[in-house]
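Since the structure comes first, as structure tokens, the remarks are kept for the end.
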Amino acid sequence: MSARAALADWLSLLRPGDWLVIAAGLLLCAYAGATLWRGGAPDKAVIRAGGELFGEYPLSARRTVEVPGPLGVTLIEIEPGRARVAADPGPRQYCVRQGWLTQAGAVAICAPNQVSLGLSGRGGQYDSLNY
Amino acid sequence: MTRSTIELTPTAEDRRIARHAAAAIVLTVAEAAIPLPLPGVKPGLANIVTLIVLARWGWREAAWVALLRVLAGSLLLGQFLAPGFFLSLSGALASLVVLGLAMHLPRRWFGPVSLSVFAAFAHIGAQLVVARLWLVPHDGVFYLTPVFAGAAVLFGVVNGLIAARLLRALSAR
């Protein structure tokens, strides 16, 4: 029996409803994967200035936020699912060069201007760091 | 003192259950030798026997075979009353309940593959619940649900196909 005939023989054992059940099972897998493995997807951006909460913004719409600090204005850009520090008056630009933040728990800190941008959401990659 | 002898005469049904349970136990023990990447993901080959008994001899005999298999299989593997035993037992009980319901689906549309997939999902479902309530009281158990569900579909289909093929061969004889 050729490989193709063998396969057809196996497939002949499947009845119409079986295909439905298999499809439903695969859908259930995909659904479980989509809901349980979404961990790390952020849902809002938290901006702090001078140690105080400056504002919380949902990561659903595009917007820019201007945050005043001791050196000047830090420009924060928010897009669906991500956020970044677009411009900062600080001398070394670490927070700007970090680029887009996409994971819950990620933080960009512009220390000279005392501004920080963090993403919060369910199931960040870590819940605390110790040094 | 009178000598009393208790004679147990096994019926044809008893012999049939014993024969099928023996086949299922062999599969359980053989399967335990297969190395698997994740604890909890098993082909469950013994369920092929349960499916065949269910189709040919009905739910009562299938329940006997499945439960005897869990009991004797755990004794042979040294798992009796260990956590793994209760996971197997809960999985077997849940799949028997589901099979008891699913066997009334129209046979023209739903074959052994459907029953096998249903039983596989009942298996992992019950095991996850028992694991969550008793062994690992943390929602982290559910993190692997997609893997278990994928294994249930895969092995459910494979076991169901094997059972369907054996049933065809048995009815042709």
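Membrane-span-like helices in chain B (whole DSSP H runs, Cα extent of at least 18 Å along the helix axis, mean Kyte-Doolittle hydropathy of at least 1.0): B:59-77, B:83-102, B:112-130, B:145-172. Mean partner shielding of peptide B:135-143, defined as the number of other chain Cβ atoms within 10 Å of each residue Cβ, is 1. Against the criterion of solvent-accessible heavy-atom surface with a 1.4 angstrom probe, B:Leu135, B:Leu54 sort, most first, into B:Leu135, B:Leu54. What accessible surface, in Å², does a 1.4 Å probe find on B:Glu7, ignoring ligands, DNA and RNA and rounding to the nearest 10? The value for B:Glu7 is about 150 Å². Could you pull out which residues in segment B:126-164 have an amide N less than 20 Å from a spot 7 Å beyond the Cα of B:Leu101, following the Cα-Cβ vector? Within reach of a label on B:Leu101, which here means backbone N under 20 Å from a point 7 Å along Cα→Cβ, segment B:126-164 contributes B:126-131, B:149-150, B:152-153, B:156-157. Comparing B:Val53, B:Leu115, B:Gly100 along the charge dipole axis of segment B:14-172, the residue lying farthest to the positive side is B:Val53, per the Cβ-charge model. Counting only other chain Cβ atoms within 10 Å of each residue's Cβ, the peptide B:157-168 averages 3. Exposure check, 1.4 Å probe, all protein chains in place: B:Ser90 carries approximately 20 Å² of accessible surface. Within the listed set B:Leu101, B:Leu67, B:Leu161, the Gaussian network model of chain B (springs between alpha-carbon atoms below 10 Å) gives the highest mean-square fluctuation for B:Leu101.
Between A:Ala86 and A:Thr64, the simple label model (points 7 Å from Cα in the Cβ direction) yields a spacing of 0.3 nm. Each label point was placed 7 Å from the Cα along the Cα-to-Cβ direction; for A:Trp19 and B:Val129 their separation is 3.3 nm.
Ordered by 1.4 Å accessible area with all protein chains kept, A:Trp100, B:Trp109 run largest first as B:Trp109, A:Trp100.
The mean count of C-beta atoms from other chains within 10 Å of the C-beta of residues in B:117-124, rounded to a whole number, is 2. Accessible surface computed residue by residue for chain B, with neighbouring protein chains in place and a 1.4 Å probe, gives 56 Å² per residue. The separation of segment A:1-52 from segment B:101-173, counted between C-alpha centres, amounts to 16 Å. Heavy-atom accessible area with a 1.4 Å probe sorts A:Ile109, B:Ile34, B:Ile124, largest first, into A:Ile109, B:Ile34, B:Ile124.
Summed over qualifying helices (DSSP H, 4 residues or more, each -39500 (n - 2.57)) and divided by its residue number, chain A shows a 222 nm mean residue ellipticity of -8000 deg cm²/dmol. For B:Thr11 and A:Leu36, the FRET efficiency from 1/(1 + (r/R0)^6), where r spans their Cβ atoms and R0 equals 45 Å, is about 0.40.
The values are calculated or read from the model by the stated rules, or taken from the named source; none is laboratory data. In this text, all values refer to a predicted model and were calculated from it rather than measured experimentally. Note: ideal-geometry Cβ built from the backbone for every residue, glycine included; neighbour counts use all protein chains shown. These accessible areas exclude ligands, DNA and RNA; they are computed on the full protein's heavy atoms, side chains included. Shrake-Rupley method; radii C 1.70, N 1.55, O 1.52, S 1.80 Å.
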